[in-house]
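Structure, as structure tokens:
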Amino acid sequence: MKTDTYRGAITRAMRHAMEKNERTILFGQGVTDHVGILGTTLNLEKEFGSDRVFETPLAEDSMTGFALGASLSGLYPIHVHIRADFMLLAMNQLVNSIAKYRYMYGGLFATPMLIRSIVGRSWGQGAQHSQSLQALFAHIPGIYVVMPSSARTAYATYIYANSACASPVVSLEHRLLYDYSFDRKDDEDVIFYPFTSFRVRQGGDVTIVATSIMVEEAIRAANYVKEMTGLDAEIIDLHCISHPDENLIIESVRKTGRLIVADTGWESFGVCAEIARIIATREPNVLRAPIKCLSLAKAPCPTAHRLEHWYYPDMANLVDSIYSLCFDRFDHGKQLPSEEYVKEVHKTFKGPF
Amino acid sequence: MTVSHKNMLRDALRIRMVEEKIIELYPSDVIQSPVHLSIGQELHTVALMSLLQTTDRVFTTYRSHAAYLAKGGDLNLMFAELYGKQTGIAKGKAGSMHLCHPSTGLMGSSAIVGAVFSHATGAAYADKLKKNGDIVLCLTGEGATEEGTFHECLNFSALKQLPLVYVIENNGLAINIPLECRQSYRLEALARAYQIPYAHIEDSFNIDTIIAAARPLIEQARSASKPAVIEIATYRYKEHVGVSCDHNRKHRDASAITMWEKRDPLIVDRDLDAYRDEITAEILEAVCFAEKSEFPDHDELLKDVY
Ligand SMILES: Cc1ncc(C[n+]2csc(CCOP(=O)(O)OP(=O)(O)O)c2C)c(N)n1
């Protein structure tokens, strides 16, 4: 089977957007240097010219407003941030203008654009270079917020956004997914509607709703418990954080009666809270056990490796959650994957950045 | 050469040797965090800090090692912090990018570029209200001045006449992007527009010219509560983040480093070799302290969250 990395898929999508849509402009800090946003924008300036691919000064807020102005004038801006944390400087334009523009003017304007950003994790990224802020963005009506968890979804989402979508799209990519290889199916380049959620594994025993890299962790956890106990987990890649497929989630939990939400952000007011809200307000009686949430410790991210290790949930936590939902809640007595096993499946990232 | 000159050169050499130790240790993964080295930029930092009192406060960036040490930060606590140990200055939670040392006046290092301009402005406002005679020094790269907040802070600190010195280290690069791709203004003209006194330090290897340019502005900040901007032409020897060199990359002029190195007193002044043994001993002791220290335990994870 052919494979595709996350990095490769995003790179192809960027090139495709530049090639097929002459209105596309691509800008941000580092889009033209020899690193090229982890390789995804390499050589594009040379190929498509510096009018269409260019560096920006350090000016996140203004360049976000700039994207709005350019979008209103027929261009398709792709604005890239090497860390999602820097988007906090762009919050004013994003929330007060971009998200409002269509609605506030009675539908007279469209503001298509893609804002790409990358969630850092591992190697002491610390409090200001690791944040996973999807909940913050998804809280705001007027933008699509996506977290591609695979090469395929990243590719389809970016092509769809660039070619068929009139809305602003904020994407949070994950640093640790960049080197993952995904099996590449023959229909890899088929573009599907991306502002929804996807079932990535079928199972009848427990539902795992996951975001971003937690989808990958969930798949590995599911394979592990299947092998060890025969349990089958169903996995839903939430993908579009702002517009999840609620029915898909409800239907799955109706079948399994058990739900784990595994997110890369904080629990309260976040994705975990939101999925729990969907169940609780629509069909609370489908649950046979309380929902389990896997998320970050409720703290800023510590730099020290030892603390970072406890800060992030991993595959072992997922396996533990599956067992305690499916067996005894307090003492399931089952063996968890060894630390070596978890380490092996969990890409250990080596710095410096 | 005066005693104080020798001391400054020694202190700068100490910073260089600390960072060279970091380079040596880095491949062994004992330091698991991004490091932004100051190598090439140490001497002016030491010279400027020599004009400050212990109670004067400093705010800086992720490129924090030089400021930390020049402002009197404890070396043991620094290495323990880099190692992610409980005994680190911030219990391992800060790492290299966020060093601080409040007892000697380093109030924080932000990895969000430009964040500290306003922190320094607020701190200087407090000094002014308290009439304590202290000043604040805000040390960042030139890239940071592109952020709107820099302009807002210049305005406010001029408006309120705050005892605040913005020191801008102009190394010509923001990560890998040269100045010409990013800036259409000159810092001097910008400072003048806000009627803020400005000094340019052309030779960051010459202690006399650094002191001569900076002293009047720092004294004026202290005695007359006036803001100032000091720009220093400098050069970072290493890559933006990490411990390697990147001079073979197209964004850098491979010959430039030789020009800087040829004039770098920390390289050419052989008299400084006399300090090497004692500095090495001090560094080894700090590394040993870090190695022997414990990692934080689980309780630390949720400590200090409101
Ligand atoms: C708000 C924000 N935008 C972008 C970045 C990414 N970034 C980190 S350092 C840096 C370059 C800063 O250059 P400069 O201020 O000249 O300081 P130097 O690194 O040269 O010391 C950039 C763009 C960031 N950390 N914060």
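Numbers below:
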item: Leading residue by the ranking (nearest to B:Leu173 (Cα to Cα)) among those in region A:50-89 that are within 14 Å of another protein chain (Cβ to nearest Cβ) and of a type in the set (Gly, Ala, Ser); result: A:Ala59
item: Pairs where the first residue, in region A:129-147, is in contact (Cβ under 8 Å) with a residue 12 or more places away in the chain and the second is open to solvent by 10 Å² or more (accessible area, probe 1.4 Å) and polar (S, T, N, Q), C-beta under 6 Å, 6+ apart; result: A:Ser132/A:Thr264; A:Ala138/A:Ser242; A:Tyr144/A:Ser167; A:Tyr144/A:Ser242; A:Val145/A:Ser242
item: In region B:252-265, the residues that are closer than 14 Å to B:Arg236 by Cβ and in contact with a helix residue (DSSP H, G or I) (Cβ under 7 Å, 6 or more places away or on another chain); result: B:Glu261
item: Members of region A:337-346 found to be at pLDDT 80 or above and buried (at least 18 other Cβ atoms within 10 Å of the Cβ), listed by number; result: A:Pro337
item: Which numbered condition B:Ser204 misses (of (1) out of contact with any strand residue (DSSP E or B) (no Cβ under 9 Å at 6 or more places or on another chain); (2) within 26 Å of B:Glu261 (Cα to Cα); (3) polar (S, T, N, Q); (4) open to solvent by less than 50 Å² (accessible area, probe 1.4 Å)); result: (1)
item: Lone unmet requirement of (1) closer than 28 Å to A:Gly351 by Cβ; (2) touching a helix residue (DSSP H, G or I) at 6+ places or on another chain (Cβ under 8 Å) for A:Val215; result: (2)
item: Residues satisfying the stated conditions in region B:152-180, i.e. among the polar types (S, T, N, Q), open to solvent by less than 30 Å² (accessible area, probe 1.4 Å) and assigned to a helix (DSSP H, G or I); result: B:Ser157
item: So A:Thr264, is it touching a residue at least 60 places away in the same chain (Cβ under 8 Å), of a type in the set (Val, Ile, Thr) and crowded, with 16+ Cβ neighbours inside 10 Å; result: yes
item: Sole exception among (1) surrounded by fewer than 19 Cβ atoms within 10 Å (Cβ to Cβ); (2) within 16 Å of the ligand (Cβ to nearest atom) for A:His16, by number; result: (2)
item: Neighbours by Cβ (under 7 Å, 6+ apart or cross-chain): first from region B:93-122, within 14 Å of another protein chain (Cβ to nearest Cβ); second among the β-branched types (Val, Ile, Thr) and open to solvent by 30 Å² or more (accessible area, probe 1.4 Å); result: B:Leu99/B:Ile89; B:Cys100/B:Ile89; B:Gly114/B:Thr149; B:Phe117/B:Thr149; B:Ser118/B:Thr149
item: Only one of A:Arg116, A:Arg83, A:Arg102 that is more than 16 Å from the ligand (Cβ to nearest atom) and of a type in the set (D, E, K, R); result: A:Arg102
item: Single condition B:Tyr198 does not satisfy, out of (1) within 21 Å of the chain's Cα centre (by Cα); (2) within 16 Å of the ligand (Cβ to nearest atom); result: (2)
item: Test for A:Tyr76: is it over 19 Å from A:His139 (Cα atoms), among the hydroxyl-bearing types (Ser, Thr, Tyr) and touching a residue at least 60 places away in the same chain (Cβ under 8 Å); result: yes
item: Any hit, region B:292-302, residues being away from chain A (no Cβ under 14 Å), outside any loop (DSSP other than H, G, I, E, B) and closer than 22 Å to B:Tyr83 by Cα; result: yes
item: Which listed residue, of B:Ser4, B:Ser64, is of a type in the set (Gly, Ala, Ser) and open to solvent by 10 Å² or more (accessible area, probe 1.4 Å); result: B:Ser4
item: Strands (runs of 3 or more DSSP E) contained entirely in region A:156-224, each with at least 3 residues that are among the aliphatic types (A, V, I, L, M) and under 22 Å from A:Glu267 (Cβ atoms); result: A:206-210
item: Residue under evaluation A:Glu22, criteria (1) outside any helix (DSSP H, G or I); (2) surrounded by fewer than 22 Cβ atoms within 10 Å (Cβ to Cβ); (3) within 12 Å of another protein chain (Cβ to nearest Cβ), criterion not met; result: (3)
item: Residues of region B:9-33 classified as assigned to a helix (DSSP H, G or I) and either in contact with a helix residue (DSSP H, G or I) (Cβ under 9 Å, 6 or more places away or on another chain) or under 15 Å from B:Ala286 (Cβ atoms) (or both), total; result: 16
item: Residue in region B:125-146 that is open to solvent by 30 Å² or more (accessible area, probe 1.4 Å) and either within 8 Å of chain A (Cβ to nearest Cβ) or within 12 Å of the ligand (Cβ to nearest atom) (or both) present; result: no
item: Pair list, Cβ under 8 Å, 6 or more apart: region A:274-293 residue closer than 18 Å to A:Ala210 by Cβ, other residue of a type in the set (Asp, Glu) and surrounded by fewer than 19 Cβ atoms within 10 Å (Cβ to Cβ); result: A:Ile278/A:Glu246; A:Cys293/A:Glu267
item: Residue tally, condition within 15 Å of B:Glu142 (Cα to Cα), in contact with a helix residue (DSSP H, G or I) (Cβ under 7 Å, 6 or more places away or on another chain) and not in a strand (DSSP E or B), over region B:205-242; result: 2
item: Unique match (being assigned to a helix (DSSP H, G or I), at pLDDT 95 or above and more than 23 Å from B:Asp277 (Cβ to Cβ)) among B:Leu43, B:Leu48; result: B:Leu48
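The values are calculated or read from the model by the stated rules, or taken from the named source; none is laboratory data. This is a predicted model, so every value here is computed, not measured. Heads up, the Cβs are rebuilt from the backbone with ideal geometry, glycines too, and the neighbour counts pull from every protein chain shown. We work out accessible area using only protein heavy atoms, side chains counted, and drop any ligands, DNA or RNA first. Shrake-Rupley method; radii C 1.70, N 1.55, O 1.52, S 1.80 Å.
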